[in-house]
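To keep things clear, I will list the structure first and then write my remarks on it.
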Amino acid sequence: MKKLVTLLLLLISFITYSQTGVGYLNYTVYNIISNGTGAYANNSIGFVNMFDITKGASLYASGTSTAQKTLYFQNGWQPSGVPYGGAYTGIKITGYFTPKETGTYTFAIDGDDGVDFSLDGNVVTSFYGAHGFGGYRYGSVNLVAGKTYSFMARYQNWGGGWGMYLLWKRPSQTQYSIQSDEVSSTPPAEPTKKANATFNFNNLDPTKFSISSTALDVNGLVDITTSLDSNQVNTGYKALSTAGQTEWCVIYDYDVTNKRYRVGIDNRQMTISANSVTQLKLFDLWDGVVTYNSSDIYWSEYYIYTDTQFNFNTSTYLSNIRTGNGYRALTANFSYTPTTAYKPQSVSLTTTNNLSTLYNGIVTVSDVYLAFKELANGGLFGNQSGNEFGYGIQYKNADVDDNDIFDENDTYALLQHLTGVKNIVNSFTLPNTIRIITTDTYNTIGKSNWNTITTPLSDKYSFDINTGKTTDIFNISVAWKGDVNLSHSTTPLSNGITTMGIKTMNLVVVNEINASIIGENIGGKLVVTISLDPLQQEVVGTQFQLNYDNTALQFQKVDFSTKGKPMNYATDKGSYINIGSLISDGSTTLDKTTEYKITFLPLMGLSDTLGLTSISTTDAVNKNGTQLKVKLN
């Protein structure tokens, strides 16, 4: 395959193409035969020398070409200046790489002959030496979405066949390809519109949540600039007024009740469809959004909504304004210019949390007891709100059947979820379990209006960037379905609306009880005993998540030892047991005799119980509805 050919001298030609920018890359063609290193290089140092014009290499040509041509070619693509079918030639391809996702990118390269690929001067993958196409060589690197990296791919041919293949896959992909929207011949322009979002997850680790593969930081902050759709669309027309000789416009007196002006424009001044006018510049009185009202054969009318009335007497166009009975007539001519705006925006939240396990720690025995306690305090005929919920958002979280009514159906659904009879969601996904709400709206959810404010379950956050700001900052609150005590949902601002006069909840856990766990080999079985010491607390609910190694153990049963007749529950979740007790009627409390014995059958010889089981999520609640910290011994 390899053969030496006679070198002919060629004139150096420099060719520049106009197709530059995204999807294009720069290339430079080199004569590498007299570089002092031979016709090929077996390592990175030799490769650097091969393209060094101070060490004998010389230029043939340069220019730009599409990424598909410059990164994936075999004999057929031959930029101007490449001699003899590519013999003794080097091609250096440069530009900029701006990843669409944050995470691990994997690059694949193959060549005939040597090739390598670098980002920011660091070789990611290479295949040096004299050879034909021999299979891809792979290299991985962690990249940040939206950040721009310098890009370089190099190829050299000794003789015979020639070419280079360079492909890659994003963190979310399984297939390799050339993705031209991530490469450019010139640095991408700095975005003119930027946005940041801060999510409030209360007690959850925000770094386990992401927007467009970019993880939130420890404060819940994430830069969503790269997720913005910066394309602007036509939204109608703006009517621009100038002083004239004829009264083509009338402004009616201010409507105090609706806080608006009614403005009429004579149809003889309308050169476009009346309902396409979305903005109006009316002398120095108003420059902003208008709402189309109606049209007849004479006038087209619009509403200007404003809390502040116009001061006509201070207008520099006072001579063009005549005061009538209940209106003002303006001598004004109108022209129209198209208006544009950013499209509606939205981002989606993802998480690396196992939502089934996470949810087991969000909706706990404390939530169930508090819901029952609130319902029990609903008045003699159940027609009042109780005194247990401290914030309006708690009613929305407790309304687990999403019918805008908090009642006994919700409390029993929560109880069924706790005891493993039926989950309150069909599947543990973010769209089924979470509400993402702008904090401004979140802080208006009160006791009396919680069921009138639309806050659907969704993993999406929708917003508008037509704010006139260079950088928008969005503060976002998070609420979880079933999180009655707000242990993992944003605590609202106490502003007289969210609390609506209800007593303030103390969500800070300041109370503590003790529990102990012992694992024993009894008759060849592993028996784990969880014992409760309520100290001075009147405990009415407990919950423990006992994890077990399901490759070594098989769950068999639970034996309960509890005073009175509490509702005891134990649910096998495959890798953990959700176990505990609940007393919802106030008949008694759990004392030091409370004990749970969980029996497992070993799937192999049981020589050592160490590490086979562990406790993760714990929860307890007292008779007052206070969440308790469980200290394990």
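The values are calculated or read from the model by the stated rules, or taken from the named source; none is laboratory data. Nothing here was measured: the structure is a model prediction, and the numbers come from that model. Every residue, glycine as well, gets a Cβ built from its backbone with ideal geometry; the counts of neighbours run over all protein chains shown.
Going by the conditions given, is THR351 closer than 30 Å to SER458 by Cα and modelled with pLDDT of 95 or more?
Yes, satisfied.
So which residues in the stretch 392-413 are surrounded by fewer than 23 Cβ atoms within 10 Å (Cβ to Cβ), aliphatic (A, V, I, L, M) and either part of a helix (DSSP H, G or I) or on the phi > 0 side of the Ramachandran plot (or both)?
Across the stretch 392-413, the qualifying residue is only ALA413.
Failed condition for ASP287, given (1) buried (at least 16 other Cβ atoms within 10 Å of the Cβ); (2) out of contact with any Leu (no Cβ under 6 Å at 6 or more places or on another chain), with all others met?
(1)
Out of the stretch 288-304, which residues are assigned to a strand (DSSP E or B) and at pLDDT 95 or above?
Once the filter is applied, which keeps residues that are assigned to a strand (DSSP E or B) and at pLDDT 95 or above, the stretch 288-304 yields THR291, TYR292, ASN293, SER294, SER295, TRP299, SER300, GLU301, TYR302, TYR303, ILE304.
Listed residues LEU282, LEU318, LEU330; which is crowded, with 17+ Cβ neighbours inside 10 Å and either without any contact (Cβ under 8 Å) to a residue 40 or more places away in the chain or farther than 22 Å from GLY468 by Cβ (or both)?
LEU330
Over 43 Å from the mean Cα position of the chain (by Cα) and either over 17 Å from ALA515 (Cα atoms) or surrounded by 14 or more Cβ atoms within 10 Å (Cβ to Cβ) (or both), is that true of ASP591?
Yes, satisfied.
Which one is modelled with the lowest pLDDT, of the residues in the stretch 524-549 that are surrounded by fewer than 19 Cβ atoms within 10 Å (Cβ to Cβ) and closer than 14 Å to ASP591 by Cα?
The selected residue is GLN536.
Select, from TYR461, TYR412, the only residue that is of a type outside the set (Asp, Glu) and either at pLDDT below 90 or over 30 Å from the mean Cα position of the chain (by Cα) (or both).
Only one candidate passes the filter, namely TYR412.
If I filter the stretch 428-458 down to residues being of a type in the set (Gly, Ala, Ser) and modelled with pLDDT under 95, which single residue comes out as surrounded by the most Cβ atoms within 10 Å (Cβ to Cβ)?
The qualifying residue surrounded by the most Cβ atoms within 10 Å (Cβ to Cβ) is GLY446.
Determine whether THR470 is farther than 24 Å from VAL630 by Cβ and at pLDDT 95 or above.
No: the conditions fail for THR470.
Which numbered condition in (1) surrounded by 20 or more Cβ atoms within 10 Å (Cβ to Cβ); (2) at pLDDT 95 or above is the only one that VAL558 fails?
Result: VAL558 fails condition (1) only.
Is one or more of the residues making up the stretch 103-126 of a type outside the set (A, V, I, L, M) and at pLDDT below 85?
So far as the stretch 103-126 goes, no, none of its residues is of a type outside the set (A, V, I, L, M) and at pLDDT below 85.
The rows are residues; the columns are (1) surrounded by fewer than 19 Cβ atoms within 10 Å (Cβ to Cβ); (2) modelled with pLDDT under 85.
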| residue | (1), (2) |
| --- | --- |
| GLY38 | yes, yes |
| SER44 | yes, no |
| THR54 | yes, yes |
| SER58 | yes, yes |
| SER62 | no, no |
| THR66 | yes, no |
| LYS69 | yes, no |
| GLN74 | yes, yes |
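Quick check: anything in the stretch 196-205 at pLDDT 95 or above, crowded, with 20+ Cβ neighbours inside 10 Å, under 18 Å from the mean Cα position of the chain (by Cα) and small (Gly, Ala, Ser)?
Yes - at least one qualifying residue is present in the stretch 196-205.
Restricting attention to the stretch 547-559, does a residue exist that is more than 30 Å from SER494 (Cβ to Cβ), in contact with a Gly (Cβ under 7 Å, 6 or more places away or on another chain) and part of a strand (DSSP E or B)?
So far as the stretch 547-559 goes, no, none of its residues is more than 30 Å from SER494 (Cβ to Cβ), in contact with a Gly (Cβ under 7 Å, 6 or more places away or on another chain) and part of a strand (DSSP E or B).
Please go through the stretch 45-59 and pick out each residue that is within 26 Å of ILE178 (Cα to Cα) and in contact (Cβ under 8 Å) with a residue 12 or more places away in the chain.
PHE47, PHE51
Can you tell me how many residues in the stretch 169-192 are farther than 20 Å from GLU101 by Cβ and either touching a strand residue (DSSP E or B) at 6+ places or on another chain (Cβ under 8 Å) or of a type in the set (Phe, Trp, Tyr) (or both)?
Result for the stretch 169-192: 2.
Could you pull out every one of the strands (runs of 3 or more DSSP E) wholly within the stretch 171-252 that has 2 or more residues that are of a type in the set (S, T, N, Q)?
194-200, 232-252
Filter the stretch 253-279 for residues that are touching a residue at least 60 places away in the same chain (Cβ under 8 Å) and either in a strand (DSSP E or B) or under 10 Å from TYR302 (Cβ atoms) (or both) and give the result.
ILE265, THR278, GLN279, listed by residue number.
Against the condition surrounded by fewer than 18 Cβ atoms within 10 Å (Cβ to Cβ), under 28 Å from ASN354 (Cα atoms), of a type in the set (A, V, I, L, M, F, W, C) and at pLDDT 90 or above, how does ALA552 come out, does it pass?
Yes; evaluated as a whole, the condition is true for this residue.
Within the stretch 132-158, how many residues are in contact with a helix residue (DSSP H, G or I) (Cβ under 8 Å, 6 or more places away or on another chain) and either surrounded by fewer than 19 Cβ atoms within 10 Å (Cβ to Cβ) or farther than 11 Å from VAL115 by Cβ (or both)?
Here the count works out to 2.
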